[in-house]
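For reference, the structure discussed in these notes is given below.
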Amino acid sequence: MRDHFEIRDHDAAGRIGRLEVPRAGVTVETPALLPVVNPNVLTVEPRRLAEEFGAEMLITNSYIIRSTDRIRDRVLEEGLHDFLGFDGAIMTDSGSFQLAEYGDIDVTTEEIIEFQRRIGSDVATPVDVPTPPDVDRERAERELETTKRALADAEAAETGEMLVNAPVQGSTFPDLREGAGRHASATDLDVFPVGAMVPLLNSYRYAEVVEAVRAAKRGLDPDAPVHLFGAGHPMMLALAVAAGCDLFDSAAYALMARDGRYLTVSGTEHLEEMEYFPCSCPVCAAHTPAELRELDGNDGDTEQLLAEHNLHVTFEELRRVKAAIRSGNLLQLVDRRARGHPAMLDGLRTLLDHADELERTDPASKDAFFYTSHESARRPEVRRHHDRLSRLAVPDRLLLTESDAPSNHDYDAVWRVKPPFGPFPRALSETYPLTAEVPERVDGAAQVAAAEGVASLADANPETEITLGHDDWVPRAVDAVPERVETENLRHLGR
Ligand SMILES: [Zn+2]
């Protein structure tokens, strides 16, 4: 049990939580987005990040501070909060990223943890090794051992009230990630970043991001706060939250703005090519794209204002994700986002490969289930219903039908059939998720899922005589019904 992190609401593997940060004297609501602040270049003043954007926490790099003569002594003297002008929680990175980029840094975990403590960091980071994707297994294992030693050094350090990150590495080997998660969870460290994700995120490899997160989560305690290190594009926040991440950090808002790139919830656009802004944030409401391009510095700075738009759209999406968790329609939001980019669709499909894991934390009841795409047929609610079917009491002779019960029949009971769930007793019609809103024109995926429900019921009750009346199901759905179930196409019967 980690007493500094409390989970309030769940939807799929997503959650709204409260992370207590004792050294800052604040509690941060998660999912939280930590804007990355470059201590040398304050693109947006940290005070404004809190007041105008609602940032409760930010992240900066202690390694850069330590190795920059111009600011090091000032930060040591004033403390990080006064130096940045931010009184929320501040997380610091350790130089691991520089280690990954340049292959060598001149600081140990012991030294950098001590430095982070001295400058007043609220959440410190050891020098782990961010093993990139696609390396050979031998290297991933070797570097994982180094990361484990870094975690041990961090545990041994004097940290007082400061929380400490325990990064989970393992490259693109799910079993190594899972083992690393289990190891990190067994330490007395506090926050669990899934590391070395930037190369995957930059190339939109969202399916592998989801695999890495799910693998880490299988090893971690369910109540461990998880940080998706380097993730802050608004397009993928809903997906990453639904996979179980609680903290995000965005350098994207500033880096993208530098290249004239404009973030949206469905991708990245180039300011140069835009004629209209699809957004109503203060920046977009006050400028047309042409006006924003032509600012001369006296009336504002293009890069700065573009960074502000990027932050607005990211925080807006984060609030939308939280509202979706509260209403229980997070997976519908992920589904909507998945329509924006094929790589996001791969991410959603990979997430649904783990529907059994999502099912464990998915609430039993929420607002209506909307069937909005054939991915909806793989949601955890469908799986849960199929599991439940094997536990329901059934009579000897049972009719399952998509139409109303026939007025004359000699069955012992007549159950409804509703794709994608399949059969259920009429008495359950008003219970979640069977109250689902499903389109009149049901697709094949929903019919196949319903057929799997029929199979689940038939398998659990081998003695029961079952007849199924279906509304012109596609052949692969009919094929998924066990042979011993008698089927009738209601369309052919004229019902
Ligand atoms: Zn905007």
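Values in this text are rule-based calculations from the coordinates and carry no lab data. Keep in mind it's a predicted model, so treat the numbers as computed, not measured. Here the Cβ positions follow ideal geometry from the backbone for every residue, glycine too, while neighbour counts run over all protein chains shown.
Observations, loosely collected:
- C-alpha long axis of helix 137-156 to longest principal axis of the chain, angle in °: 60
- The packing ranking of peptides 456-468, 240-252, 21-33, 211-223, highest mean first, is 240-252, 211-223, 21-33, 456-468, where packing means the average number of other beta carbon atoms within 10 angstrom of each residue.
- Equivalent ellipsoid, the stretch 296-447 (semi-axes from 5 times Cα gyration tensor eigenvalues, Å): 43, 14, 13
- Our Cα-only numbers for the chain put the radius of gyration and Dmax at 26.1, 89 Å.
- In units of the compact-protein estimate 2.2 N^0.38 Å, the stretch 125-194 shows a Cα radius of gyration of 1.07.
- Spin-label model distance (nm) - Arg391 vs Glu77, 7 Å beyond Cα toward Cβ: 6.6
- Its Cα gyration tensor gives the stretch 365-443 an equivalent ellipsoid; the semi-axes, largest first and in whole Å, are 23, 15, 11.
- Helix 206-219 vs. the chain, principal-axis angle (Cα, 0 to 90°, nearest 10): 90
- In this simple spin-label model, placing a label point 7 Å from the Cα along the Cα-to-Cβ direction at both Asp175 and Thr288 gives a separation of 6.1 nm.
- Estimated at 0.36 nm per residue, the fully extended path between Glu111 and Ser327 surpasses their Cα-Cα distance by 73.2 nm.
- Translational diffusion coefficient (Stokes-Einstein; Kirkwood radius from C-alpha pairs) of the stretch 153-192 at 37 °C, 0.692 mPa s, in µm²/s: 303
- Rounded is the label for the stretch 374-492. Its Cα gyration tensor axes, ordered a ≥ b ≥ c, give a/c under 1.5.
- Debye-formula intensities of the stretch 29-162, expressed as log10 I(q)/I(0) at q = 0.11, 0.19, 0.20 Å⁻¹, are -0.42, -1.11, -1.18 (one equal scatterer per alpha-carbon, no solvent).
- Rounded tilt (10° steps) of 342-353 against the dominant C-alpha axis of the chain: 60
- Cα-based Lys proximity count in the chain, under 27 Å, for pairs eight or more positions apart or on separate chains: 5
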